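The values are calculated or read from the model by the stated rules, or taken from the named source; none is laboratory data. Only a predicted model underlies this, so the values are computations on that prediction, with no experimental measurement involved. Please note: Cβ atoms are built from the backbone with ideal geometry, for glycine as well, and neighbour counts cover all protein chains shown.
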Amino acid sequence: MNPGNKEPALPAALKVAVIHDWITGRRGGEKVLEAILELFPNADVYTLVHRQGVLPEVEAKHRIHASWINSLPLFRKAFQLFFPLFNQAIGRFNFDEYDLVISISHCAAKNVRVTGRPHICYCLTPARYAWDLFDDYLKHALGSVFYWLFILPAILVRNRWRSVDKARSKNVSHFIAISKLVQDRIARHYDRESEILYPPVETIEFGQLELAKAGERFLVLSAVRPNKRVLEVVLACKALGLPLDVVGPGSDRALNELRRLGGPALKVHGFLSDEETRRLVGSCRALIHAATEDFGLSPVEAMAAGKAVIGYKHSGLADTVVDRDPQRTGVLFETPTVEGIQKSLERFTTLEASISPEDCRKRAQVFARDRFDQEFQDLVQRVLAEPAS
């Protein structure tokens, strides 16, 4: 939660409903949820699935309404199996008593049925597994053999999802995107315009790290999954003999594969505490981020610590990392292959001396929490002032 505990500047009598896809962990989307709820202390929360204890402060202050999927026997471990029913479940909520509806959506949250009142969708992305990365997600979930057995029914489910998803996008009165990449997806999939409002990044703790001299080791902060391209980073560093730390959760098989292929200069830590992670960020040479992130929190956090970022250009990092003089904060690469990452590392070594920790930290402040709070309040006030359509 925001340590500043600022008083909300929006009307106290405003009745607000906030919809989030599911509350099962505390990742980037849940941090956005917490930030928005601080602006609306009397808001009610609606979600497909809610696991008690995940967001204790939210649970203590807000009424949380979960869909019927939450009561199904398998929901705690495998609620994603009910993906074809998400739009039906989210559509059963009624919002007639509210003045404003806000959805925070990467899946079905925006597909609530809303009429006669403004509906702001803070779009983390259109559902990637239904639109841009359908094949990647299906192969990762099923493996190569089962992929071919289930591809045809999966395509039918996907096509039905797309049809409903696009139709219900018309229920959104104002689309907000978290990056240019997501803005382009909204235009392409929903044929809707949107404005960009970058998500809040808790830069304070990383900003309090001492601006130490860059260390020798590069760092990856990421879950170890194929779409995160951690293996490509590991192999690129191995080819150049560069020491690398990998921090993030992954299966034993995935982590052991990195250790087997990475060579003696690689350290695979798995999941670490926030304190241990900040220590490695503060002592690293630079952060390497090869995934196609919709926005990317860890690159901004690294810059808040005064560290340069080496990342994939065609992602949310194009909005956050500055790869030009003056005030360069990192290096962006065009192709997220071993060879492409290797070339970017070689380019980084030629530009490293021109990247100042102070410029990195200054750039990170563009995405700080207080900036989000003010811009979101301004947005809501503007939306409420518009004449009813």
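Some points to look at:
- Close pairs from the stretch 1-27: first among the charged types (D, E, K, R), partner modelled with pLDDT under 90 and in a loop (DSSP other than H, G, I, E, B), Cβ under 8 Å, at least 6 apart: Arg26/Val54
- Only a single criterion out of (1) within 17 Å of Asp319 (Cβ to Cβ); (2) without any contact (Cβ under 8 Å) to a residue 60 or more places away in the chain is not satisfied by Ser179, namely (2).
- Residue within the stretch 77-95 that is assigned to a strand (DSSP E or B) and at pLDDT 90 or above present: no
- Asp252 being at pLDDT 95 or above, more than 22 Å from the chain's Cα centre (by Cα) and among the acidic types (Asp, Glu): no
- Being buried (at least 22 other Cβ atoms within 10 Å of the Cβ) and not acidic (Asp, Glu) holds for only one residue in Gly282, Gly263, Gly296, Gly248, and it is Gly296.
- Flag for Tyr98 being assigned to a strand (DSSP E or B) and of a type in the set (Ser, Thr, Tyr): no
- Boolean, Pro73 is over 30 Å from Gln381 (Cα atoms) and free of Cβ contacts under 8 Å to residues at least 24 places away in the same chain: yes
- Flag for Ala187 being modelled with pLDDT of 95 or more, small (Gly, Ala, Ser) and under 28 Å from Glu30 (Cα atoms): yes
- Members of the stretch 287-303 found to be over 18 Å from Val201 (Cβ atoms) and at pLDDT 95 or above, listed by number: Ile288, Ala290
- With respect to being of a type in the set (Ser, Thr, Tyr) and over 20 Å from the mean Cα position of the chain (by Cα), Thr292 falls outside the description.
- Any hit, the stretch 206-216, residues being at pLDDT 90 or above and either in contact with a Leu (Cβ under 6 Å, 6 or more places away or on another chain) or under 24 Å from Val331 (Cα atoms) (or both): yes
- Residues satisfying the stated conditions in the stretch 277-324, i.e. among the hydrophobic types (A, V, I, L, M, F, W, C) and either in the same structural domain as Leu181 (by TED's automatic domain parsing) or in a strand (DSSP E or B) (or both): Ala286, Leu287, Ile288, Ala308, Val309, Ile310
- Just so you know, in the stretch 13-49 the residues that are in a strand (DSSP E or B) and among the hydroxyl-bearing types (Ser, Thr, Tyr) include one that is farthest from Gly316 (Cα to Cα), and it is Tyr46.
- Odd one out for Leu149, checked against (1) out of contact with any strand residue (DSSP E or B) (no Cβ under 8 Å at 6 or more places or on another chain); (2) modelled with pLDDT of 95 or more: (2)
- Among the candidates Lys139, Lys166, residue that is modelled with pLDDT under 85 and surrounded by fewer than 21 Cβ atoms within 10 Å (Cβ to Cβ): Lys139
- Test: Ala254 is part of a helix (DSSP H, G or I) and closer than 23 Å to Glu216 by Cβ: no
Per-residue answers, yes or no, for (1) closer than 23 Å to Glu205 by Cβ; (2) out of contact with any Gly (no Cβ under 6 Å at 6 or more places or on another chain); (3) of a type in the set (A, V, I, L, M, F, W, C):
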position	(1), (2), (3)
Gly311	yes, yes, no
Gly330	yes, yes, no
Glu334	no, yes, no
Glu339	no, yes, no
Gln342	no, yes, no
Glu346	no, yes, no
Gln365	yes, yes, no
Asp373	yes, yes, no
Leu384	no, yes, yes
